[in-house]
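The structure's right below; bear with me while I get my questions together.
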Amino acid sequence: MTGRKRRRAPPAEPAYRPGQLLDWTDSSHWDHSGPRPCRYCGFPTQLRDSHRAPAHKTCAEDALAIQAAEAQAAYRLKGTT
Ligand SMILES: [Zn+2]
């Protein structure tokens, strides 16, 4: 026995699981005035994002994931130059 332990990298976790990034169970995300076109996909929704803009929760989560990936890529680029 050498006493050395081989360490394994932890299992890769996905950045987020679809549908679990945002918690929109609060009633402030529901607009009773009626459906309006989603700011991302254009289909009608009664959900509102944190800025009160019409948005599906899944569309908002996808947009956040894209923003995070872009920020991460920009950070990596910035770090190598
Ligand atoms: Zn949408």
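List every residue pair whose Cβ atoms lie under 8 Å apart, where the two residues are 6 or more positions apart in sequence or sit on different chains, the first residue falls within segment 29-41 and is farther than 9 Å from His56 by Cα and of a type in the set (Gly, Ala, Ser), and the second residue, located anywhere, is surrounded by 12 or more Cβ atoms within 10 Å (Cβ to Cβ) and at pLDDT 95 or above.
Gly34/Gln46
Here is a further query. Among Arg8, Arg36, which is the only one that is at pLDDT 90 or above and charged (D, E, K, R)?
Arg36
Please specify each residue of segment 36-81 satisfying the condition of being more than 9 Å from the ligand (Cβ to nearest atom) and in contact with a Lys or Arg (Cβ under 6 Å, 6 or more places away or on another chain).
Result: Ala53, single match.
Something else about it: Suppose we filter segment 25-55 for residues that are among the hydroxyl-bearing types (Ser, Thr, Tyr) and closer than 21 Å to Gln67 by Cα; how many remain?
2
Next question. Report every pair of residues separated by at least 6 positions or lying on different chains whose Cβ atoms are under 7 Å apart, first residue within segment 49-69 and closer than 20 Å to Gly34 by Cβ, second in a loop (DSSP other than H, G, I, E, B) and of a type in the set (Asp, Glu).
Ala55/Asp49; Ala60/Asp49
What are the residues in segment 30-81 that are of a type in the set (A, V, I, L, M, F, W, C) and either outside any helix (DSSP H, G or I) or touching a Ser or Thr at 6+ places or on another chain (Cβ under 6 Å) (or both), if any?
The answer is Trp30, Cys38, Cys41, Phe43, Leu47, Ala53, Ala55.
The values are calculated or read from the model by the stated rules, or taken from the named source; none is laboratory data. This structure is a prediction, so every number in the text was calculated from the model and none was measured. We place every Cβ from the backbone using ideal geometry, glycine too, and count neighbours over all the protein chains shown.
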